[in-house]
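Have a look at the structure below, then the notes.
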Amino acid sequence: MKNKREEDEMGSEGSGSVLKRQRVDEQSSASGIGNPLVPYNDVDDEDEDFERGKTNNGGEVEGSNTQVVAAENGEDEEEEEDVYGQGHSLERRKSQFEPREDCPYLDTVNRQVLDFDFEKFCSVSLSNLNVYACLVCGKYYQGRGKKSHAYTHSLEAGHHVYINLRTEKVFCLPDGYEIIDPSLDDIRHVLNPRFTRDQVGQIDKNRQWSRALDGSDYLPGMVGLNNIKETDFVNVTIQSLMRVTPLRNFFLIPENYQHCKSPLVQRFGELMRKIWHARNFKGQVSPHEFLQAVMKVSKKRFRIGQQSDPVEFMAWLLNTLHANLRTSKKNNSIIYECFQGELEVIKESPNKAITEKKQNADDQRITDGGTKHDIFTETSRMQFLMLGLDLPPPPLFKDVMEKNIIPQVPLFNILKKFDGDTVTEVVRPRVARMKYRVTRLPRYLILHMQRFKKNNFFIEKNPTLVNFPVKNLELKDFIPLPMPKENERLRSKYDLIANIVHDGKPNEGLYRVFVQRKSEELWYEMQDLHVSETLPQMVALSEAYVQIYEQQQ
């Protein structure tokens, strides 16, 4: 028989153990381990696992969780006692995460499904931090810690090889070790294409075709661009700007613009490198990331799913790239070096004070002597990136055969707008008569034919065909040009390198572009994903909308 004191002691011990258990449960729930709603901080550092090991050795842990410290100290004591036993767990952990060259899962990598043209977002959490691509199914997942989506996917789907989209390191999950294997370099090159300065210099001499994974052949620089939804105005602009050699060479080497943090500049350079890359897995490129940057920077002025004007887009793109690339000391950039020219503008407008007096006076007769004082003349210089050309109006009435004849006009006739003598009537912002004269020609001349006119009811398209030379456009015969300096030669001959064309009705039509490949001097017609070789004579038969001419050096 137990006496009363012993029973009391046993009861107090039992209640104490219950209290201890409750405290442990409270602490574990407070620490968030058992609570799935508490967000976890999944650190993706290569030294993460070694740091955990270091805390086991040192026991110096900053934090409030005393139980973890006690447990780790207990492990340290066991390790010190177990000298002749299983060995140190820290060494085991280090060896477990050492890089390996003999990963058994490399044969599961499927290059056919890999596509790095889209935004680098996790397909589950939609986060762009610390994203990995599964090299087996091509999907993007975040992190590689034990609670991350990539780790979960590796266990659920049995896909074990992942590449970090920022650092380009390849890991095997769930084991967690880095894979060192040169056979994965082709994937790294597709993820982030690279060019040396020697390669950039040889691009225009390269006549070699490249082969995609599906067996189709493609020409680097002559790849189709995916039309995501009514984005052909972006595609033709990009394809035509790709032919501007200094601009292309500048953007193929990221070190030239690494000081610029603008997402538009970075995405434009990335797209340029993908188009000219000779080791792509497929023969086309999707400008998805570039379009997202365009939508963000333009505040949805240009967006996916809404047709826009390539002239407006090209003007906006060139000005925005210049604003982001220019240095603080000089207002200069690769954009201005390529496209900037100078005009002299003579503006003749009626003198305000005299016209008001005339309106108030009863007698409004003008004498010959008073006409000079009625006109206010202003001369100014202005820079330009592109020149707008006015087309003659189409005939209103049908001919004898009951058909509207599409008029034709030589390019030289509409270039007379810039000869310094031809008067152009302007209504807005005030009624004025303008005269334009080119005082400095750019290296690359962008001309745009003003085909679309907006009235109060709808947009009209002028179908007039412009006859232009594909090679040797001599400007000095039609435009008075300034005399060059002593040591310089007058460069007024230009060759066509890109021609954007509009087909169909004003609101429903499509854009396509003719571009020249310099290595063989062949012409290609490009409309979104379709790329086909064409004759130079076919280029001149189209309804030209925007043209880029290169100055002969």
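The values are calculated or read from the model by the stated rules, or taken from the named source; none is laboratory data. Fair warning: this is a prediction, and the values are worked out from it, not measured in the lab. We place every Cβ from the backbone using ideal geometry, glycine too, and count neighbours over all the protein chains shown. All accessible areas refer to the heavy atoms of the entire protein, side chains included, with ligands and DNA or RNA removed. Shrake-Rupley method; radii C 1.70, N 1.55, O 1.52, S 1.80 Å.
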Near pairs, Cβ below 9 angstrom, 6+ apart or cross-chain, from the range 206-228 (closer than 15 Å to TRP276 by Cβ and free of Cβ contacts under 8 Å to residues at least 12 places away in the same chain) to any residue that is open to solvent by less than 60 Å² (accessible area, probe 1.4 Å) and assigned to a loop (DSSP other than H, G, I, E, B): TRP209/LEU219; TRP209/PRO220
Just name the residue that is nearest to LYS282 (Cα to Cα) out of those in the range 121-137 that are of a type outside the set (S, T, N, Q) and surrounded by fewer than 16 Cβ atoms within 10 Å (Cβ to Cβ). CYS137
What number of residues in the range 473-483 are assigned to a loop (DSSP other than H, G, I, E, B) and touching a residue at least 40 places away in the same chain (Cβ under 8 Å)? 7
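Would you point out which residue out of ASN206, ASN235, ASN192, ASN226 is within 24 Å of VAL546 (Cα to Cα), of a type in the set (S, T, N, Q) and surrounded by fewer than 19 Cβ atoms within 10 Å (Cβ to Cβ)?
Matching residue, one of ASN206, ASN235, ASN192, ASN226: ASN226.
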Got a number for residues in the range 498-538 being touching a Ser or Thr at 6+ places or on another chain (Cβ under 8 Å), more than 13 Å from PHE233 (Cα to Cα) and among the hydrophobic types (A, V, I, L, M, F, W, C)? 4
A careful count of residues in the range 495-520 that are out of contact with any Pro (no Cβ under 8 Å at 6 or more places or on another chain) and either open to solvent by 40 Å² or more (accessible area, probe 1.4 Å) or farther than 24 Å from VAL200 by Cβ (or both) gives 15
Filter the range 520-541 for residues that are free of Cβ contacts under 8 Å to residues at least 60 places away in the same chain and either assigned to a helix (DSSP H, G or I) or over 25 Å from TYR218 (Cα atoms) (or both); which is nearest to the chain's Cα centre (by Cα)? MET538
ASP198 passes all but one of (1) part of a loop (DSSP other than H, G, I, E, B); (2) without any contact (Cβ under 8 Å) to a residue 12 or more places away in the chain; (3) within 20 Å of PRO254 (Cβ to Cβ); which number fails? (1)
Mind telling me which of the residues PHE457, PHE478 ends up being out of contact with any Pro (no Cβ under 9 Å at 6 or more places or on another chain), more than 20 Å from GLN307 (Cα to Cα) and among the aromatic types (Phe, Trp, Tyr)? PHE478
Go through the range 324-348 residue by residue and tally those that are over 14 Å from PRO246 (Cα atoms), under 24 Å from the mean Cα position of the chain (by Cα) and open to solvent by 30 Å² or more (accessible area, probe 1.4 Å). 6
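Here is a list: ARG433, ARG428. Which entry is at pLDDT 85 or above and either in a loop (DSSP other than H, G, I, E, B) or surrounded by fewer than 19 Cβ atoms within 10 Å (Cβ to Cβ) (or both)?
ARG433
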Residues of the range 138-184 classified as touching a strand residue (DSSP E or B) at 6+ places or on another chain (Cβ under 7 Å), farther than 19 Å from LEU126 by Cα and open to solvent by less than 20 Å² (accessible area, probe 1.4 Å), total: 8
May I ask you to say which residue of ARG188, ARG267, ARG166 is of a type in the set (Lys, Arg), farther than 22 Å from CYS137 by Cα and not in a strand (DSSP E or B)? ARG267
If only one of PHE268, PHE251 is in contact with a Gly (Cβ under 7 Å, 6 or more places away or on another chain) and open to solvent by less than 20 Å² (accessible area, probe 1.4 Å), which one is it? PHE251
Unmet criterion (only one of (1) of a type in the set (Ser, Thr, Tyr); (2) touching a Lys or Arg at 6+ places or on another chain (Cβ under 8 Å); (3) in contact (Cβ under 8 Å) with a residue 24 or more places away in the chain) for TYR444: (2)
Does ASP198 meet the test of being surrounded by fewer than 19 Cβ atoms within 10 Å (Cβ to Cβ), within 29 Å of ASN256 (Cβ to Cβ), in contact with a strand residue (DSSP E or B) (Cβ under 8 Å, 6 or more places away or on another chain) and at pLDDT below 90? no
Can you pull out the residues in the range 457-491 that are open to solvent by 100 Å² or more (accessible area, probe 1.4 Å) and at pLDDT 80 or above? PHE457, PHE458, LYS476
Test each condition in (1) open to solvent by less than 30 Å² (accessible area, probe 1.4 Å); (2) under 13 Å from the mean Cα position of the chain (by Cα) for PRO263 and report the one that comes out false. (1)
Restricting attention to the range 413-425, which residues are touching a residue at least 24 places away in the same chain (Cβ under 8 Å) and either in contact with a Gly (Cβ under 8 Å, 6 or more places away or on another chain) or open to solvent by 70 Å² or more (accessible area, probe 1.4 Å) (or both)? LYS416
Within the set of pairs 6+ apart or on separate chains, which have a first residue in the range 115-126 that is of a type outside the set (D, E, K, R), a second that is part of a loop (DSSP other than H, G, I, E, B), and C-beta atoms under 6 Å apart? PHE121/ASN128; SER123/LYS139
